[in-house]
Amino acid sequence: MKTIVVSGIQSSGVLHIGNYFGAMRQHIALQDKHESYYFIVNYHAMTTVRDADALHRHTLDAAVTYLALGFDPEKSNLFVQSDVPELAELTWIFMCLTPVSHLYKSVTYKDKIAQGLSPNSGLLGYPVLQAADILIYGGTLVPVGADQKQHIEMTRNIAQRFNTAYCVDDPIFPVPEPYILDSVAIIPGIDGRKMSKSYGNTIGIFDEGATLKKRIRSIVTDSTPLEDPKDPDSDNVFALIKLFADKDQEAEIREAYVRGGYGYGHAKKRLISMITDYFGEARERRQDLIKHPDYVLDVLREGGRRGREQAKRFMDRVRSATGLMTTYGE
């Protein structure tokens with residue numbers, strides 16, 4: 001079976017280093033190996049975003065960020081989720097096959113409600129839309145963080161349920177496998193919790209200058225005096241340093257922690273320098289891309305065209321298998 005990689009990133013806010021190390025870096029690496037479809041999930045973002053200007057702005061910024069970080073539109077497909085209208089149709093079909101009890105078991109749904117978000121139908125049906133996202137392009141490999149593994153299991157279940165109900169002898173949808181991005185542990189935000197836009201504890205990929213310094217200086221640490229030894233493995237600053245440091249740098253800083261006389265202020269200063277250097281070239285590319293918005297839109301248009309072509313192949317078979325009549329175009 002041909003490997004088709006499918007994944008998305010939500011446009012609910014400014015993308016942060018958790019997004020980069022947790023997903024985007026791997027997305028860009030996989031573009032050299034497999035046919036892939038990456039999309040900016042603005043439908044998903046609507047479960048929490050009510051500001052039209054903000055949703056539009058964050059969607060375009062996500063595209064600019066991907067391109068600045070090295071996404072190559074000649075190798076892969078980048079587009080906006082809402083540019084594939086067939087997706088909403090398939091989501092409805094899947095909703096009609098999905099028990100409500102399965103949706104209430106979603107750990108992500110429970111977590112969002114615990115954060116105080118409104119328990120709207122979109123939030124409850126989030127995993128079904130995600131399943132349609134994956135299956136409408138024939139996705140077989142889905143790069144996700146460990147916290148999204150349950151959603152991929154739901155996608156697999158939906159694919160199997162559809163195939164059993166409508167096309168058991170000639171299955172339409174492959175049953176995808178998760179590609180768990182467990183090479184990076186949960187990335188802490190400045191408050192020590194998982195870095196997340198919904199927590200407001202993020203460090204933006206392209207934060208710089210005074211903004212970056214303010215965010216890094218706000219990272220929560222313990223009260224160990226400067227002169228005392230410190231445990232690097234229990235420190236939020238060191239957890240972030242490890243993302244950017246090479247082996248020699250990590251060993252050097254670890255030794256300084258354990259030796260003592262090395263304060264959290266020293267570590268934060270080093271982290272600021274590392275982040276600035278790491279994203280330096282990408283930051284320059286981003287500034288150039290901002291000056292050429294037509295190019296960014298052309299990339300999204302072409303990616304959307306390819307996405308629609310792939311989606312149509314599957315939806316033609318889905319309509320035939322389910323008996324859905326369409327008379328337009330006849």
Discussion item. Taking the full set of protein chains and a 1.4 angstrom probe, give the accessible area of Asp147 in square angstrom, rounded to the nearest 10.
Written reply: 90 Å²
Discussion item. Check which residues have an amide H placed less than 5 Å from Glu177's amide H, if you skip close sequence neighbours.
Written reply: Leu141, Val142
Practice prompt. Counting other Cβ atoms within 10 Å, keep those with at most 14, restrict to DSSP loop, and tell me which trypsin sites (Lys or Arg not before Pro) in region 156-238 are left.
Written response: Arg193
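Nearest 5 is fine: what % of DSSP beta bridges in the chain come out antiparallel, could you say?
Numbers: 2 of 18 bridges.
So the antiparallel bridges amount to about 10 percent of the total.
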Worksheet entry | Links that overshoot a 23 Å alpha carbon limit, given the list Lys33/Lys247; Lys110/Lys268; Lys2/Lys312; Lys242/Lys268; Lys110/Lys197; Lys112/Lys197 | Lys33/Lys247; Lys110/Lys268
Worksheet entry | Theoretical ellipticity at 222 nm over the chain - DSSP helices of four or more residues, -39500 (n - 2.57) apiece, nearest 500 | -15500 deg cm²/dmol
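What size of dipole, in debye to the nearest 20, comes out for the chain about its Cα centre when the only charges are +1 on Lys and Arg C-beta atoms and -1 on Asp and Glu C-beta atoms? Intermediate results must be reported in sequence, preceding the final value.
Working: 39 positive and 42 negative charges, 109 e Å.
Computed charge dipole of the chain: roughly 520 debye.
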Worksheet, complete the sentence: The answer for GluC sites (Glu not before Pro) in region 72-123 that fall in a DSSP coil and have at most 12 neighbouring Cβ atoms within 10 Å is Glu74
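The values are calculated or read from the model by the stated rules, or taken from the named source; none is laboratory data. Values in this document were obtained by computation on a predicted structure and should not be read as measured data. Cβ: placed from backbone, ideal geometry, glycine included. Neighbour counts: every protein chain shown. Heavy atoms of the whole protein, side chains included, go into the accessibility calculation; ligands, DNA and RNA do not. Shrake-Rupley method; radii C 1.70, N 1.55, O 1.52, S 1.80 Å.
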